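One structure follows; several queries about it will come next.
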Amino acid sequence: MCGIIGYVGERPAAPILLEGLQRLEYRGYDSAGIALVTEQGHLTIEKAVGKLTTLVTSINGRTLPGSVGIGHTRWATHGKPSTENAHPHTDCRQDVVVIHNGIVENYLELKRALQRQGHTFASQTDSEVIPHLIEQECREGKDLATATRDAVRRTRGANAFIVMSSSEPDRVIAIRTGNAGGLVVGYGEGEMFLASDLPAILPHTRAVVFLAAGEMACVEAGQVTYATLHGEPLEKTPQTIAYDPVAAARGGYKHFMLKEIMEQPEAVTNTIRGRIQFDPPDVLLPEWPFLVAQTRTFERVVIVACGTSYHAGLIGRYLIEDLARLPVDVEIASEFRYRDPVVDDRTLLIAVAQSGETVDTLAAMEEGRARGMPQIAVTNVEGSQAARYADGALLIRAGQEIGVAATKTFTTTMVSLYLVGLYLGKVRGTISPEQLGRLIQDLAELPDLLGRVLQDESAYERLANRYARHTNFLFLGRGIHYPIALEGALKLKEISYIHAEGYAAGEMKHGPIALIDENMPVVALALQDGVYDKMVSNILEVKARDGQVIAIVTEGNTELQEHADHLIALPPVAPLLAPVVSVLPLQLLAYHIAVRRGCDVDQPRNLAKTVTVE
Ligand code: AGP
């Protein structure tokens with residue numbers, strides 16, 4: 001799940017590549033590299049381990065010659081982060097240069113065959129076999145495009161490559177073999193761009209062509225030709241992306257994550273805007289791709305997602321089951337694709353992915369498609385693969401999220417699934433007009449409630465001071481707050497590197513209670529709802545074993561004051577929307593603990609914003 005970019009034009013390529021890589025860094029930041037070639041075929045390669053800033057520092061303002069070039073930001077799969085393993089990779093003659101996103105599944109067998117032919121390798125990566133394979137094909141007199149096509153056809157796996165050569169310095173070849181990582185071709189005036197996805201090239205152009213799996217592009221400054229992996233020519237017309245790239249500045253905040261946490265009231269307002277109506281009460285989803293008659297045939301829903309989106313999907317189960325009385329299963333996308341699920345054309349697949357590019361989720365969608373499932377994508381990225389692959393896309397409208405830890409995309413996804421629940425409930429007649437009016441009113445009040453919760457961060461700073469050096473945390477919730485316990489634990493783990501577990505509070509006595517002692521902080525979601533009394537019992541059980549309790553409660557709760565070590569009080573909120581509010585304290589707690597520990601909040605180690613490998 002790396003970021004790849006290419007440029008062919010008349011301007012110096014290096015600044016364009018470096019700027020594009022900055023926008024792709026969310027896909028990985030273990031190393032970065034660029035390669036440039038001049039008209040005369042002079043090749044320059046610059047690489048550095050670590051984030052893009054290291055590469056920029058090592059270039060140190062030098063002017064690198066070449067108006068054709070490619071660039072890469074890496075998330076390591078094969079071979080540790082090192083200069084040798086950084087892309088671009090070349091062949092023995094330093095002629096062919098390749099950047100890659102994906103995994104070449106049969107690289108070992110290809111590498112051994114190439115070694116037998118005399119090729120020597122400089123890295124431990126799977127990617128390096130590609131320039132060697134291409135060079136081998138070129139030895140037979142093939143041009144770069146043909147050699148690339150023939151080489152890539154020998155690989156297995158879902159991959160995207162961009163290839164350049166000092167022998168044909170006026171072009172780059174882009175090729176995509178499967179659904180790992182997208183490839184988009186951007187059309188400029190006398191110049192062309194290539195990238196893993198849109199944000200990297202949108203500052204330059206909005207006229208784009210998305211390469212589908214099994215397609216390649218031969219890109220020159222003023223023209224591009226398309227073909228299949230078998231060499232059949234393809235006609236492709238650029239589409240114009242109506243997208244306003246939000247300036248990704250931190251806007252005075254120390255970290256993007258904090259900015260994005262604070263943006264949630266506005267983001268949720270955007271999710272709702274134009275989709276609800278008060279008089280008469282209605283929910284409007286013009287993007288819903290199915291006719292009412294077909295929608296009424298749905299007998300089940302399966303939600304597929306990964307990570308935080310999976311947690312949003314778990315909340316979606318409560319919402320859709322409650323509002324539309326449809327049974328809902330929620331599956332980790334990487335598990336769904338390897339089962340033999342019992343689904344058919346009456347089972348609606350909802351794929352949740354803020355990026356719309358998560359390869360496991362895309363693969364689950366393909367699996368669903370093969371089984372005839374109608375499907376919608378709930379995503380933040382217009383034009384993403386999930387959005388294009390599904391029958392329809394419901395955009396969550398969170399705005400650009402830069403922090404690797406999902407925050408505003410989580411809350412806006414939950415709100416989007418609430419809208420789906422309302423819509424299905426309306427169509428299926430499980431919600432009366434009066435209920436719909438009340439449910440819509442609840443939704444309209446939500447942004448204001450979120451704003452109130454975010455007004456004061458001081459409590460989280462105090463908690464962070466007290467707990468930042470602890471090495472374990474437990475998060476407990478019941479009912480609709482159980483997935484929030486999972487999400488709270490995930491947030492803390494991923495940005496502070498503290499081991500944390502989320503548990504259904506009722507499961508405590510079946511094992512985790514053995515962990516409780518005076519060193520175990522327990523965050524308990526004990527809001528005023530149907531399972532509140534049960535949560536109180538769980539809190540008392542923790543206290544009886546000397547655990548430290550941080551209780552998230554509803555304003556006015558006095559009962560837990562005497563039992564919990566710390567109380568965080570939230571305004572009363574409608575039960576189905578309560579998780580959207582109750583996750584905010586957990587995001588802030590994780591954030592302040594991570595800051596206190598000196599962690600890299602926006603780009604935590606080993607992670608990437610978009611996971612485009614299995
Ligand atoms: C969230 O904080 C994580 N970085 C991660 O779990 C993420 O939610 C997951 O990779 C899924 O991403 P997606 O929504 O783009 O599919």
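Based on what the data block shows, is L114 in contact with a helix residue (DSSP H, G or I) (Cβ under 8 Å, 6 or more places away or on another chain), surrounded by 23 or more Cβ atoms within 10 Å (Cβ to Cβ) and at negative phi?
When the stated conditions are applied, L114 does not pass them.
Right, here's the next one. Within region 253-290, count every residue that is aromatic (F, W, Y) and open to solvent by 40 Å² or more (accessible area, probe 1.4 Å).
Qualifying residue count, region 253-290: 2.
So if I check each of H119, H72, H87, H132, which one is touching a His at 6+ places or on another chain (Cβ under 6 Å) and either part of a helix (DSSP H, G or I) or polar (S, T, N, Q) (or both)?
Selected residue: H132, the only one of H119, H72, H87, H132 that is touching a His at 6+ places or on another chain (Cβ under 6 Å) and either part of a helix (DSSP H, G or I) or polar (S, T, N, Q) (or both).
All but one of (1) closer than 22 Å to T610 by Cα; (2) touching a residue at least 60 places away in the same chain (Cβ under 8 Å); (3) surrounded by fewer than 24 Cβ atoms within 10 Å (Cβ to Cβ) hold for V49, so report the exception by its number.
(2) is the only condition that V49 fails.
Could you check how many residues of region 1-51 are assigned to a loop (DSSP other than H, G, I, E, B) and among the aromatic types (F, W, Y)?
Within region 1-51, the first condition is being assigned to a loop (DSSP other than H, G, I, E, B), and the residues that meet it are 1-2, 9-12, 28-30, 38-42, 50-51.
Going one step further and asking which of them are among the aromatic types (F, W, Y), we end up with 29.
Looking only at that region, the number is 1.
Also, quick follow-up: Assess whether M365 counts as being open to solvent by less than 10 Å² (accessible area, probe 1.4 Å), within 16 Å of the ligand (Cβ to nearest atom), modelled with pLDDT of 95 or more and more than 20 Å from R275 (Cβ to Cβ). Let's see the steps before the verdict.
Numbers: open to solvent by less than 10 Å² (accessible area, probe 1.4 Å): yes; within 16 Å of the ligand (Cβ to nearest atom): yes; modelled with pLDDT of 95 or more: yes; more than 20 Å from R275 (Cβ to Cβ): yes.
Taking the combined requirement at face value, the residue satisfies it.
While we're here: Condition (residue is within 16 Å of the ligand (Cβ to nearest atom) and open to solvent by less than 40 Å² (accessible area, probe 1.4 Å)) applied to region 562-570: is it met by at least one residue?
Checked against the condition, which is being within 16 Å of the ligand (Cβ to nearest atom) and open to solvent by less than 40 Å² (accessible area, probe 1.4 Å), region 562-570 yields no hits at all.
Could you check region 390-407 and list, in sequence order, the residues that are away from the ligand (no atom under 13 Å from the Cβ), part of a loop (DSSP other than H, G, I, E, B) and small (G, A, S)?
Of everything in region 390-407, those that are away from the ligand (no atom under 13 Å from the Cβ), part of a loop (DSSP other than H, G, I, E, B) and small (G, A, S) turn out to be A390, G399.
In region 475-525, how many are part of a helix (DSSP H, G or I), within 16 Å of the ligand (Cβ to nearest atom), without any contact (Cβ under 8 Å) to a residue 40 or more places away in the chain and not charged (D, E, K, R)?
Residues that pass the stated criteria total 1.
Which members of region 335-354 meet the condition of being at pLDDT 95 or above, within 16 Å of the ligand (Cβ to nearest atom) and within 25 Å of Q294 (Cβ to Cβ)?
Matches in region 335-354: L349, I350, A351, V352, A353.
Given L443, L436, L449, L454, which one is closer than 20 Å to F278 by Cβ, under 26 Å from the mean Cα position of the chain (by Cα) and away from the ligand (no atom under 16 Å from the Cβ)?
On inspection, the qualifying residue turns out to be L443.
Output the number of residues of region 306-323 satisfying the condition of being surrounded by fewer than 24 Cβ atoms within 10 Å (Cβ to Cβ) and either under 19 Å from G425 (Cα atoms) or without any contact (Cβ under 8 Å) to a residue 40 or more places away in the chain (or both).
Counting residues in region 306-323 that are surrounded by fewer than 24 Cβ atoms within 10 Å (Cβ to Cβ) and either under 19 Å from G425 (Cα atoms) or without any contact (Cβ under 8 Å) to a residue 40 or more places away in the chain (or both) gives 5.
Name the pairs: first residue in region 223-235 and modelled with pLDDT of 95 or more, second residue assigned to a loop (DSSP other than H, G, I, E, B) and open to solvent by less than 50 Å² (accessible area, probe 1.4 Å), Cβ to Cβ under 8 Å, at least 6 apart or on different chains?
Every condition considered, the pairs that remain are Y226/L211; T228/G214.
Of the conditions (1) of a type outside the set (D, E, K, R); (2) under 22 Å from Q264 (Cα atoms); (3) within 16 Å of the ligand (Cβ to nearest atom), I332 satisfies every one except a single condition; which number is it?
(2)
Additional query: For region 464-488, which residues satisfy the criterion of being within 13 Å of I550 (Cβ to Cβ), open to solvent by less than 10 Å² (accessible area, probe 1.4 Å) and in contact with a strand residue (DSSP E or B) (Cβ under 6 Å, 6 or more places away or on another chain)?
Correct list: Y467, F473, L474, F475, L476, G477, A485, G488.
Ok, one more. Going through region 286-305 one residue at a time, which ones are more than 18 Å from G429 (Cβ to Cβ) and touching a residue at least 40 places away in the same chain (Cβ under 8 Å)? Step through it out loud before you land on a result.
Step one: of region 286-305, the residues more than 18 Å from G429 (Cβ to Cβ) are 286-287, 289, 302-305.
E287, P289, V302, I303, V304, A305, listed by residue number.
Being open to solvent by 10 Å² or more (accessible area, probe 1.4 Å), on the phi > 0 side of the Ramachandran plot, in contact (Cβ under 8 Å) with a residue 24 or more places away in the chain and in contact with a helix residue (DSSP H, G or I) (Cβ under 8 Å, 6 or more places away or on another chain) is true for just one of G79, G66. Which residue is that?
G66
Quick one: R371 ticks every box in (1) open to solvent by 20 Å² or more (accessible area, probe 1.4 Å); (2) without any contact (Cβ under 8 Å) to a residue 60 or more places away in the chain; (3) within 15 Å of the ligand (Cβ to nearest atom) bar one, so which box is it?
Condition (3) is where R371 drops out.
OK, next. Got a sec? Which of G28, G9 is open to solvent by less than 60 Å² (accessible area, probe 1.4 Å), touching a Gly at 6+ places or on another chain (Cβ under 7 Å), within 22 Å of V224 (Cα to Cα) and of a type outside the set (F, W, Y)?
G9
The values are calculated or read from the model by the stated rules, or taken from the named source; none is laboratory data. What you see is a predicted model, and the numbers here were worked out from it, not measured in a lab. Methodologically, a virtual Cβ is constructed for each residue, glycine included, from the backbone with ideal geometry; neighbour enumeration extends over all protein chains shown. Each accessible area value is taken on the protein alone, full model and side chains, heavy atoms only, with ligands, DNA and RNA left out. Shrake-Rupley method; radii C 1.70, N 1.55, O 1.52, S 1.80 Å.
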